[in-house]
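See below for the structure under consideration.
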Ligand SMILES: [Zn+2]
Ligand SMILES: [Zn+2]
């Protein structure tokens, strides 16, 4: 960027901050100190995922001698592997809910920047052709006005220069809320939920991704990512990785 452009864009950003001061993704108040994406003290309420982690899903495991978490040992995993940023604790739960139900899309600036910083190296190894946000049902999208996974993917697209393909996967039908179901009911509920966009193969005849990274906000038992991975692999995608903001256990 030229020096003059840089000054203008910094001034514009400063002006925006004055008019719409940035709010913290954890407390919802104006960020302290200003200029940051999260309050220094609120960051401590989040719980970054620490090693050792499951080699499949990236969830924390109890010790170095565990290669996989109990969920990944028990269930078939069609996806290759994935990573998560934070454990899904109470602060993370409130923050994720505010994004979706209170239209706090700006919080994704912090989560996007944090994902980008933390996983740049592994994303470099994966050599993905595109980022695929986990789709939500069109009626939910209309109601909410956006898909949080897609908003997140757009932020990552800029930092990693990997294109977002939002058109490949579509959500077929409204599913029963996943939190009310046990893991095998979840997968059954999701089995028919995703499919390839009917025009996808036509449009992608010159570009069909070999390696993709699914992007989502929350991973619990992994049934959503698994359902997407099955559809993608059946269509010929060779490697399916995922990145999520939060990872936790089902209630
Ligand atoms: Zn805060
Ligand atoms: Zn696992």
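FYI, it's all coordinate maths here, none of it is from the lab. Computed from a predicted structure; not experimentally measured. Every residue, glycine as well, gets a Cβ built from its backbone with ideal geometry; the counts of neighbours run over all protein chains shown.
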CD proxy at 222 nm, helix term only [per DSSP H run n ≥ 4: -39500 (n - 2.57); per residue of the chain; nearest 500]: -12000 deg cm²/dmol
How high is the FRET efficiency between residue 176 and residue 142 when r is their beta carbon distance and R₀ equals 22 Å, given to the nearest 0.05? 0.70
Please identify, among 169, 44, 214, the residue showing maximal mean-square fluctuation in a Gaussian network model of the chain using a 10 angstrom Cα cutoff. 44
Mind checking which of 25, 163, 135 has the largest fluctuation in a GNM of the chain, springs on alpha carbons under 10 Å? 163
Per GNM of the chain with C-alpha springs under 10 angstrom, the most fluctuating residue out of 87, 147, 182 is 182
For an R0 of 22 angstrom, estimate the FRET efficiency from the Cβ-Cβ distance between residue 44 and residue 98 and round to the nearest 0.05. 0.75
Quick one: order 131, 187, 62 by neighbouring beta-carbon count within 10 Å, fewest to most. 62, 187, 131
Among 95, 51, rank each residue by its count of other Cβ atoms within 10 Å, from fewest to most, as a rough exposure measure. 51, 95
Burial-style ranking of 96-104, 220-228, average other-beta-carbon count within 10 Å with highest first, yields 220-228, 96-104
At 7 Å along the Cα-to-beta-carbon direction for both residue 4 and residue 185, put a label point, then send me their distance in nm to one decimal. 6.5
Expressed in µm² per second, the diffusion coefficient of the chain from the Stokes-Einstein equation, with Rh the Kirkwood radius over alpha carbon pairs, at 25 °C and 0.890 mPa s, is 128
